[in-house]
Every structure is written in C-alpha cells, then in structure tokens.
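Read the figures in this text as sums done on the coordinates, not as results from a lab. Small disclaimer: the values here were computed from a predicted structure and weren't measured. So basically every Cβ, Gly included, is an ideal-geometry build from the backbone, and we count neighbours across all protein chains shown.
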Amino acid sequence: MKVTYARSEDQALIATTARQYLDENIGIDRVRELMMGEEGFERGLWKEMADLGWTGLAIAEEHGGAGLGPVELGVLLEEMGRLVTPGPFFASAVLATTTIQEIGTDVQHSELLPDLASGDVIATLAVFEDPRSWAHRKPETVATPAGDGWALNGRKRAVLDGHLADSLLVTAGAGDGVGVFVVDAGQPGVTIAQEPALDPTRRMATVILDGVELAPGARLGEGDVSNALDRAMDLAATALAAEQVGGAQSCMEMSVEYAKTRYQFGRPIGSYQAIKHRCANMLMKVEHARSAAYYAARVTDDVEELAVAAPLAASVASEAYAWVAGENIQVHGGIGFTWEHDAHIYLKRAKASSLILGSPRHHRDRLGETLGI
C-alpha cells in the first residue's frame, strides 16, 4: 500500500488556523490557570471550538459536521497536543463520536451526531472497570431487560472527562454479548465523581450505575458489538497518537530553545556534546512517533492494516512522548524540576496519555496477537 505523508492545502490550513487560535486563546499560562479550576475547563472555550467546526470535524456533513476524516482530525489534535489543550475534546469529539459512528445505526447517527457536531452535547465513553486492566470485551456492568427497555447496573472507572459529560456511552453485558448504551448523565441512578488524576488538564471520573432505566432505543447498534468497539478504540488510539506527537514536538522545541539561551562557563549549554546528543535523540523519537501516527491515520479504511498500525502507533507515540517529556526536564536542569516550570505540565500529560487507552505494553500485546507472535 502506497502512503503519502504530504499535507494537502486544506490540512495545512487546519493546522495553521488551529495553531493561531490556540496560541492566542489557550497559551500555556491559560492552561495552568484552567487546570487549577474545579472543572479544569471553561465552557466558553468549548463554544468557540464548536463554532470553529472542531467538534464536528470528523462527522458527516449530513449530520452537521465538516465531513473530514482521521487524517484531518489528527492534524488538529497534533496542534492541540502542542499546547496541552485542556477539556473534553478528545472524550467527546473523538471517543464518543467514533463509537457512535462505528456502532450506531443510521437512525441513531441522525439522532445523536448533530448535537455532538454542534457542541451542544458533551459525551464520553465509559468502558473500563478494573483499574489494573484495559480489557473491555467482558464488562461486569450488566444490562438486563426491564419492561420494553433496559436496567443498567455497574461501575465504570477512569471515565475520561466524565464530570463534564452530558451523555455517557456505557458498555455492558447484555445477554447476547457486549452492548453500548446511551445514558443521560443527569438521570436517576447515575452518580459521577471525579477521581484523583495525574494530569489536571484531563480529568477522570468514576461512574456508578444503580438500576438506571433506559428506553429500548438507548442501545447502540444490534447484538454483540465487540468487534466494532475494537475498531472504535483503534481509531481513538490513532487520534491520541497524533496528539502525543504534538506534545513531544513541543517538549523537544522547549529543550532546544533553552539549550541555545542557557549559558554555563561562558557558553550555551547546547554547545556541549551531552546536550547535543539529548536533543538529537529527542528528534529521533519524535520523528519515529510522527511516522507511526501519520501512517495509522492514513490506513483507517483498511481494517486489517489498522489492526496493526493503531497499536503500533499507540505504543510508539506513548513511549516517545513520555521519554521526550522526561528528557526535557533533564535539559532544563534544576529549574526543570520545579512544579512552577511548564515542563511538568507536559510530563503529566505524557504519562497520563500513555495509560488512558492502554499502556504501551498492552498495545504491544495486542499487536503481537494480531500478528500471531
């Protein structure tokens, strides 16, 4: 398969516009201010992102979106990752949107996607239960028939931006396999509580479901949706890899700039071989991650190829971002170890991002299973 990495004019315009907006409205000082707040985000910024068309970027035009694809979404996320953009964009515009698109029926697409595209509804995916595992094919949460509809009982952990969500997509065992159910976050029987989070720019929540009554149409798709859910998770991991590339790029640029301006013994520290080698290794890690992420985004139409490219990109980008973020602190020396320095915001995002959809080891295990090794 021939894959080209050159950006089209439209993709370049998305990157330029996004960078300009983020630099002007969500600089790193603003990120620090927002992450100290109760919600970790500001609703006004969400409205502005929606007005820019970001929340519906990968949603079909017939449902109110821009009708673009994973490549364009990756371009946007790379820019958002460059500034550790806080808020529910990944949870709603990537995780939830992708799950609905992959699992929902045409009627459900028409009912659910327009509100996500407009930003009127913030949604997230509630899938993980065991904090030590990323398994999602055998949920302990159960959906039992109740009248014409369903009753949902269980507990979900590490629900991304669950405290901000208006709607939850909850996986549950439904007798005939794994089902995904659309749950109003404010309905009786739903309890949402923020969890302590390593990354204050991207919050987590525990969701408790106690006899939540759902209408028959609340179930996405038909029958067991395990395979479609796997694909949705692969698409989300591909998008996350692009965001991680943006963050790693920023860490590398931060180190290089500091190495040029920080003097010791009458010369910039970047002139010393040890610092040169660190920065060169950062560049290699970033470019390796970029190649893996870009490739995964460009093969999403090939189911078999994506099953290989997505876990590969997730593993490579996660480890690259965490490593480069750590090296960034080392290059900055003493000042880099203080909480007041911006390097820590990136390090926390890097570490947290490497776990929200599965650890690098988890993705390598999945890759090995796919390849039969």
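Quick notes
- Amide hydrogen neighbours beyond the local backbone of residue 146, cut-off 5 Å, H modeled: 151
- Each Lys or Arg adds one and each Asp or Glu takes one away; over the other residues whose Cβ falls under 12 Å from the Cβ of residue 366, this sums to -1.
- Helix-only CD estimate at 222 nm, as mean residue ellipticity for the chain, using -39500 (n - 2.57) per DSSP H run (n ≥ 4): -16500 deg cm²/dmol
- Charge tally in the Cβ shell below 12 Å around residue 225, where Lys, Arg are +1 and Asp, Glu are -1, residue 225 excluded: -2
- The GluC sites (Glu not before Pro) found in the stretch 317-360 that occupy coil by DSSP, while having at most 14 further C-beta atoms within 10 Å, are 340.
- Local net charge near residue 59, Cβ-Cβ under 12 Å (Lys/Arg +1, Asp/Glu -1): -4
- The stretch 270-307 and the stretch 68-124: distance between their alpha carbon centers, rounded to Å: 24 Å
- The order of the peptides 344-357, 191-204, 256-269, 233-246 by mean Cβ neighbours within 10 Å, most packed first, is 233-246, 344-357, 191-204, 256-269.
- The alpha carbon centroids of the stretch 312-357 and the stretch 131-209 are separated by 29 Å.
- Two-site FRET efficiency, residue 359 against residue 155, from Cβ-Cβ distance with R₀ of 30 Å, rounded to 0.05: 0.90
- Inter-label distance for residue 271 and residue 184, nm, one decimal - labels placed 7 Å from Cα along Cα-to-Cβ: 6.8 nm
- The trypsin sites (Lys or Arg not before Pro) found in the stretch 1-106 that occupy coil by DSSP, while having at most 12 further C-beta atoms within 10 Å, are 2.
- Working value for the stretch 124-220: equivalent-ellipsoid semi-axes of 22, 15, 10 Å, each the square root of 5 times a Cα gyration tensor eigenvalue, largest first.
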